[in-house]
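Here the structure is laid out as structure tokens; the discussion comes afterwards.
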Amino acid sequence: MDHRHHHHQQPPSPMENSAAGSSKPPTPASTPNSLLASARPSRPSATPPHPSTPASAPTPASRTVYSDRFIPSRTGSNLALFDLAPSPSPHDAAATASGTTASSGSAPTTSPYCALLRAALFGPDTPDRVASSATACSSSSAGASPVGTPATGNIFRFKAEVPRNAKRALFSGGDEEETLFLGVFTTRGAGPRKIPRSPYKVLDAPALQDDFYLNLVDWSSHNVLAVGLGNCVYLWNACSSKVTKLCDLGADDNVCSVGWAQRGTHLALGTNQGKVQIWDATRCKRIRTMESHRMRVGALAWSSSLLSSGSRDKSILHHDIRVQEDYVSKLTGHKSEVCGLKWSYDNRQLASGGNDNRLFVWNPHSTQPVLKYTEHTAAVKAIAWSPHLHGLLASGGGTADRCIRFWNTTTNTHLSCMDTGSQVCNLVWSKNVNELVSTHGYSQNQIIVWRYPTMSKLATLTGHTYRVLYLAISPDGQTIVTGAGDETLRFWNVFPSPKSQSSDSLSCIGATSFVRSYIR
């Protein structure tokens, strides 16, 4: 009876077994590891019949016997192409020793392609076979004799090699769980992140001043870069590369500082005559002018609707744009020009740095500093609050100091100090990873990416021929722009993207091709 047309599978007769060769059909007691071996079509015996064997029944060596189940035949598969061939069985070894051609499934297991593929998928130190997995499969099938090739040669293993909590562990980031997947999954980077050593875009910025105490570049949350060039302010849209001239102060005044509000629609600018102006960038219209400072305004910082300005007249003024008065409070304490000003991310603390080598911390209601740090030995312009740890403040000193210092303003403690070897002009933290970038002046004019808290250097970027006095970071936290007295703005990809970032990034300028153009 032909088994392919019968609804109930019956055990084949002894005659059919002898005609199909020496292979035995799988029994109900077969283990999962033997399923693949039983799925292979029966192979005719390579040993010729003995002369004494009666030739009463012809042996159909070329005919393959199928059961009523559809089991694909892999006799024509080239498993050696991807090094998936099973380990040679004792029968193959005997056939090879006797000079008979081995089966098409046997192939060397150390081909260059397989080695490269294994290294790319699982790392360079992964062995040819995962011994622990093979042992687990072998132990799981103990007590049952597998049919065909050994268990370690199976392409598929029916016993789970990865714990059921693999998906949770891969995304949870726990150290203990990550250890489970070494050699199988790589949850951490194979090596240190590679940071491009050259900018992908350069903008010529004529008349960009070479003045350490000014702050002439800022990047808005709407992806628009504001740059003060001489007595004008220009807006550069990072998505469209469109340049817009916002204002012209005239021949008798110059721009000394620019600062975007958090919403990204209003821009504040400080002038050499001590004025503070607020502009609606969407309409290119000036909304308000405040004339409370007696000298130039070189530092600006927003806290919601409160704008703080630092001046060469040694004072800090709080301007509430919702009220008619030019300023609502005046902070005194610095003995020289205020050149650095930054609000913390929770808007509860304001840090200020001055040419008097002092770093002060204020609260929103104080007119005197609540914390005073005097360790710097040069002007403190570079100030940055950590977005990762509450109360962590970084500050950098000028040419005579050259140090980056870290402070815990919650406990009022000095945490650490790093001598950079050159003037520290700017600092900014990455919001995506626990890293920060610093820009420098005399004598190396470099840009350094640091990993905190070890303060190991991830990259040193060079290209500016003057002091790197200006620094801003893109709204997606991946790109920085630097400006210098060489009248160029350079864009660098230094930080990774946030893990939860969607496919359409806030920043539209993540190009890798080098571009140079003019900002006006």
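Tabulated results
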quantity: Subset of region 320-341 (residues that are part of a strand (DSSP E or B) and surrounded by fewer than 23 Cβ atoms within 10 Å (Cβ to Cβ)); calculated: Asp320, Ser329, Lys330, Leu331
quantity: Residue match in region 476-487 (condition: within 22 Å of Ser416 (Cβ to Cβ) and under 24 Å from the mean Cα position of the chain (by Cα)); calculated: no
quantity: Lone unmet requirement of (1) under 29 Å from the mean Cα position of the chain (by Cα); (2) open to solvent by less than 40 Å² (accessible area, probe 1.4 Å) for Leu359; calculated: (1)
quantity: Conditions (1) of a type in the set (A, V, I, L, M, F, W, C); (2) closer than 25 Å to Gln262 by Cα; (3) free of Cβ contacts under 8 Å to residues at least 60 places away in the same chain; number of the one not met by Trp450; calculated: (2)
quantity: Filtered residues of region 219-277 (kept if in contact with a strand residue (DSSP E or B) (Cβ under 7 Å, 6 or more places away or on another chain), over 18 Å from Gln209 (Cα atoms) and charged (D, E, K, R)); calculated: Lys275
quantity: Residue match in region 325-344 (condition: at pLDDT 95 or above, among the β-branched types (Val, Ile, Thr) and under 18 Å from Val258 (Cα atoms)); calculated: yes
quantity: Leu267 vs. criteria over 20 Å from Ala384 (Cβ atoms), at pLDDT 95 or above and of a type in the set (A, V, I, L, M); calculated: yes
quantity: Residue in region 203-222 that is assigned to a loop (DSSP other than H, G, I, E, B), of a type in the set (D, E, K, R) and modelled with pLDDT under 95 present; calculated: no
quantity: Members of region 388-425 found to be open to solvent by 50 Å² or more (accessible area, probe 1.4 Å), of a type outside the set (Val, Ile, Thr) and farther than 22 Å from Gln444 by Cβ, listed by number; calculated: His388, Leu389, His390, Asn412, His414, Leu415
quantity: Sole exception among (1) surrounded by fewer than 21 Cβ atoms within 10 Å (Cβ to Cβ); (2) over 25 Å from Thr411 (Cβ atoms) for Gly310, by number; calculated: (1)
quantity: Test result for Ser456, free of Cβ contacts under 8 Å to residues at least 60 places away in the same chain, within 21 Å of Gly397 (Cβ to Cβ), open to solvent by less than 10 Å² (accessible area, probe 1.4 Å) and in contact with a strand residue (DSSP E or B) (Cβ under 9 Å, 6 or more places away or on another chain); calculated: no
quantity: Arg286 more than 24 Å from Asn426 (Cβ to Cβ) and among the basic types (Lys, Arg); calculated: yes
quantity: Region 227-265, subset assigned to a strand (DSSP E or B) and aliphatic (A, V, I, L, M), residue most open to solvent (accessible area, probe 1.4 Å); calculated: Val243
quantity: Filtered residues of region 213-226 (kept if of a type in the set (Ser, Thr, Tyr), over 15 Å from Ile480 (Cα atoms) and open to solvent by less than 10 Å² (accessible area, probe 1.4 Å)); calculated: none
quantity: Which numbered condition Leu317 fails, given (1) closer than 18 Å to Gly274 by Cα; (2) open to solvent by 20 Å² or more (accessible area, probe 1.4 Å); (3) modelled with pLDDT of 95 or more; calculated: (2)
quantity: Residues located in region 418-436, provided they are in contact (Cβ under 8 Å) with a residue 40 or more places away in the chain, farther than 12 Å from Gly398 by Cα and among the aliphatic types (A, V, I, L, M); calculated: Leu427, Val428, Val433, Leu436
quantity: Tally of residues being in contact with a Lys or Arg (Cβ under 6 Å, 6 or more places away or on another chain) and of a type in the set (Phe, Trp, Tyr) across region 202-258; calculated: 1
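The values are calculated or read from the model by the stated rules, or taken from the named source; none is laboratory data. Everything quoted here is computed from the prediction, not taken from an experiment. Glycine gets a Cβ as well: all are built from the backbone with ideal geometry, and neighbour counts include every protein chain shown. Please note that ligands, DNA and RNA were not included when accessible areas were found on the heavy atoms of the full protein model with its side chains. Shrake-Rupley method; radii C 1.70, N 1.55, O 1.52, S 1.80 Å.
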